[in-house]
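Encoded as structure tokens, the structure appears first; notes follow it.
The numbers here are math on the coordinates, done by the rules we state, and not lab data. Since this is a predicted model, take the numbers as computed values, not measurements. Every residue, glycine among them, receives a Cβ derived from its backbone with ideal geometry; neighbour counts consider all protein chains shown.
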Amino acid sequence: MIVVDGKALAKKLREEVRAEVQKINEGGGRVVFAGVLVGDNESSKIYVANKKKACEEAGIEMRLFTLPSETTQAEINALIEKLSADEVVCGILVQLPLPAHLNAREVISKIDPRKDVDGLTCENFGRLCEEKPVLAPCTAKGILHILKTVGVELAGANVCVIGRSLIVGKPTALLLQAKDATVSVCHKKTKNLKTWTKTADVIVVAAGCPNLLTADMVKKGVVVVDVGINRLGDGKIVGDCDFERLSKKASVITPVPGGVGPLTIAFLLDNILTAYKIIKGEK
């Protein structure tokens with residue numbers, strides 16, 4: 001049984017990105033990334049700080065725009081439009097969630113698709129549907145990278161994706177279909193979830209519900225990718241799976257923390273580098 005070391009996989013990718021960025025910097029170029037944080041969400045502040053640190057380590061210049069909670073729709077729209085028009089900025093990320101009074105979809109629509117390092121604009125999502133992704137959501141790319149690295153044969157495999165978010169579930173399902181997997185997408189309205197998971201060769205669970213997937217719901221030898229991040233009452237961080245019992249039946253499983261999470265930031269860096277090449281006409 002393989003317990004995936006997401007930290008090691010992420011480290012390798014980050015080193016590859018850093019090497020490329022170093023060449024760009026030595027050649028007189030600048031890889032500049034803009035992050036936008038609105039409000040005082042503590043989790044968002046931590047995520048942004050982690051991204052800023054990762055950018056610094058990779059040699060990427062991150063410009064952080066911190067806006068107050070009372071920022072209006074017109075104000076944030078104007079900022080995104082300004083950053084999209086800025087020839088120096090090659091990547092833009094708006095940290096979600098936004099305060100309730102702001103329309104996140106409207107904000108994202110203002111991002112130049114070439115700079116959309118989260119892969120959430122309609123144009124980039126459309127390219128994903130056409131199986132021509134350039135900037136795909138980072139977590140979804142991390143999941144596919146894990147499956148490729150551990151040698152999972154996706155062509156013809158039965159895959160169950162639990163969760164249908166725009167950031168993880170839907171893009172992951174599309175990337176898997178592009179690899180000729182047969183994909184079932186389950187969610188909170190799915191009746192008798194076990195019916196779908198019991199026959200799956202691969203299960204990707206991203207529902208934000210601790211212990212949603214248990215050992216009695218899977219077959220022997222299943223591959224389990226746990227994307228969930230949940231903080232329990234005692235402060236412990238766990239995924240969406242009963243890791244201890246599932247690990248006795250699975251052939252491959254990702255831990256939480258230390259599984260998919262590190263690869264999400266690594267692929268953000270990779271997307272920033274890709275966006276730079278697009279803006280400069282290199283890709």
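Given (i) 39; (ii) 26; (iii) 49, which label gives percent of Cα pairs over 32 Å apart as computed from the coordinates?
It is the one labelled (ii).
Going by average Cβ neighbours within 10 Å, how do the peptides 159-168, 26-35 rank, with the highest at the top?
The densest-packed peptide leads the list: 159-168, 26-35.
Just to be sure I understand: of the beta bridges DSSP finds with both ends in the chain, what percent are antiparallel, rounded to 5?
5 percent
How many nm separate the modelled label positions at Ser44 and Lys248, each set 7 Å beyond the Cα in the direction of the Cβ?
Distance between the two pseudo-spin positions: 4.3 nm.
Under a straight-distance cross-link criterion of Cα-Cα below 16 Å, which aspartates and glutamates are reachable from Lys179, leaving out those fewer than 8 residues away in the same chain?
Those aspartates and glutamates meeting the cut-off are Glu130, Glu131, Glu153, Asp201.
Report the relative contact order of the chain, percent, no decimals, based on alpha-carbon pairs under 8 angstrom and at least 6 residues apart.
Contact order relative to length: 21 percent.
On full extension of the chain, what length is gained from Lys52 through Thr190, given 0.36 nm per residue of separation minus the C-alpha to C-alpha distance?
Details: separation 138, 0.36 × 138 = 49.68 nm, distance 3.81 nm.
Gain on stretching Lys52 to Thr190: 45.9 nm.
Calculate, for Leu232 and Asn25, the FRET efficiency according to 1/(1 + (r/R0)^6) with r their C-beta to C-beta distance and R0 45 Å; round to the nearest 0.05.
0.60
Select from Gly261, Gly91, Gly156 the residue whose mean-square fluctuation is largest in a Gaussian network model of the chain (Cα-Cα springs shorter than 10 Å).
Comparing Gly261, Gly91, Gly156 in the GNM, the peak value goes to Gly156.
For segment 138-260, what does the alpha-carbon gyration tensor say about shape, rounded, prolate or oblate, given a ≥ b ≥ c as the root eigenvalues, a/c under 1.5 as rounded, and a/b over b/c as prolate?
The shape class here is rounded.
More than 24 angstrom separation, counting every C-alpha pair in segment 50-175; what % is that? Numbers along the way, then the final one.
Details: 2882 of 7875 pairs.
Pairs farther apart than 24 Å: 37 percent.
Tell me which aspartates and glutamates have Cα within less than 12 Å of Lys191's Cα, excluding those fewer than 8 residues away on the same chain?
Lys191 reaches no qualifying aspartates and glutamates.
Among Lys52, Lys12, Lys110, which one shows the biggest mean-square fluctuation in a GNM of the chain, springs joining Cα atoms closer than 10 Å?
Evaluated over the chain, the most mobile residue of the options is Lys12.
Among Cys122, Ala58, Ile203, whose Cα sits farthest toward the positive end of the charge dipole of segment 58-215 (+1 at Cβ of Lys/Arg, -1 at Cβ of Asp/Glu, about the Cα centre)?
It is Ile203.
So what are segment 28-114's ellipsoid semi-axes, whole angstrom, largest first, if each one is the square root of 5 times an eigenvalue of the alpha-carbon gyration tensor?
Taking √(5λ) for each Cα gyration eigenvalue gives 21, 17, 9 Å.
Could you give the semi-axes, largest first, of the ellipsoid that matches segment 23-64, computed as the square roots of 5 times the alpha carbon gyration tensor eigenvalues and rounded to whole Å?
Working: eigenvalues 125, 20, 3 Å².
So the three semi-axes of segment 23-64 are 25, 10, 4 Å.
Given a Förster distance of 51 Å, report the FRET efficiency between Glu81 and Lys220 from their Cβ-Cβ distance, rounded to the nearest 0.05.
So, using R0 = 51 Å, E works out to roughly 0.45.
Pop out the ³J(HN,Hα) list for segment 131-141 in order, Karplus 6.51 cos²θ - 1.76 cosθ + 1.60 with θ = phi - 60°, rounded to Hz; leave Gly and Pro as x.
With coefficients 6.51, -1.76 and 1.60, one gets 6, 10, x, 10, 10, 9, x, 4, 5, 4, 5 Hz.
For segment 74-141, what does the alpha-carbon gyration tensor say about shape, rounded, prolate or oblate, given a ≥ b ≥ c as the root eigenvalues, a/c under 1.5 as rounded, and a/b over b/c as prolate?
oblate
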